[in-house]
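Just below is one structure, and these are the notes that go with it.
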Amino acid sequence: MRTRITIATVTAALAVALVGCSSDETSDDAAKTTPSATASEVTPDQPSATATRVGIPPVPTGADREVLLRALAAANPDTVKYEDKAIDAARNQCSAVESDKADWLASQRFTYKDVTTTEAQGKQINAALEGLGFCKV
């Protein structure tokens with residue numbers, strides 16, 4: 001059920017974003033050249049309001065990034081072979097940690113390229129994310 005709500009929320013946010021991107025030929029030139037205040041306030045390292053609502057934390061940096069990577073490596077050393085993918089998977093997994101299928105979802109999120117993650121390793125990853133408090137947004 002939570003997955004359906006998450007999907008619906010993300011879909012609604014994308015629909016709103018697409019509507020906002022459409023051009024309006026009747027608006028004046030001043031409005032077209034004025035940048036949006038909200039677009040300039042969000043950086044790639046900060047989660048959007050939608051991401052925050054569905055439980056996706058900001059991109060960890062520095063020591064926090066290293067701690068997260070070590071925790072993921074403890075569950076499955078291969079997951080950190082591609083560090084950026086592992087960080088993205090960890091952030092996205094936060095939206096599913098409350099799910100009945102969290103362990104399976106983690107095994108899917110952390111399986112990429114030549115890295116395979118089992119459901120048991122997914123369970124360890126979820127425990128590591130919870131233990132670090134990483135998903136607390």
Inset, instruction - Just need a number here: residues in segment 107-132 that are more than 16 Å from K81 (Cα to Cα) and hydrophobic (A, V, I, L, M, F, W, C). - result: 5
Inset, instruction - Just give me the residues in segment 86-133 being open to solvent by less than 30 Å² (accessible area, probe 1.4 Å) and among the aromatic types (F, W, Y), in sequence order. - result: F110, Y112
Inset, instruction - Among the residues of segment 63-82, write down those that are basic (K, R) and touching a residue at least 12 places away in the same chain (Cβ under 8 Å). - result: R65, K81
Legend entry - Of all residues in segment 114-137 being aliphatic (A, V, I, L, M) and assigned to a helix (DSSP H, G or I), the one that is farthest from the chain's Cα centre (by Cα): A120
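Hey, any hits in segment 100-113 for a residue that's of a type in the set (G, A, S) and modelled with pLDDT under 95?
No - not one qualifying residue is present in segment 100-113.
The values are calculated or read from the model by the stated rules, or taken from the named source; none is laboratory data. This is a predicted model, so every value here is computed, not measured. Using ideal geometry, Cβ is built from the backbone for each residue, glycine included, and neighbour counts are taken over all protein chains shown. Just so you know, the surface numbers come from the protein's heavy atoms only, side chains and all, with ligands and any DNA or RNA stripped out. Shrake-Rupley method; radii C 1.70, N 1.55, O 1.52, S 1.80 Å.
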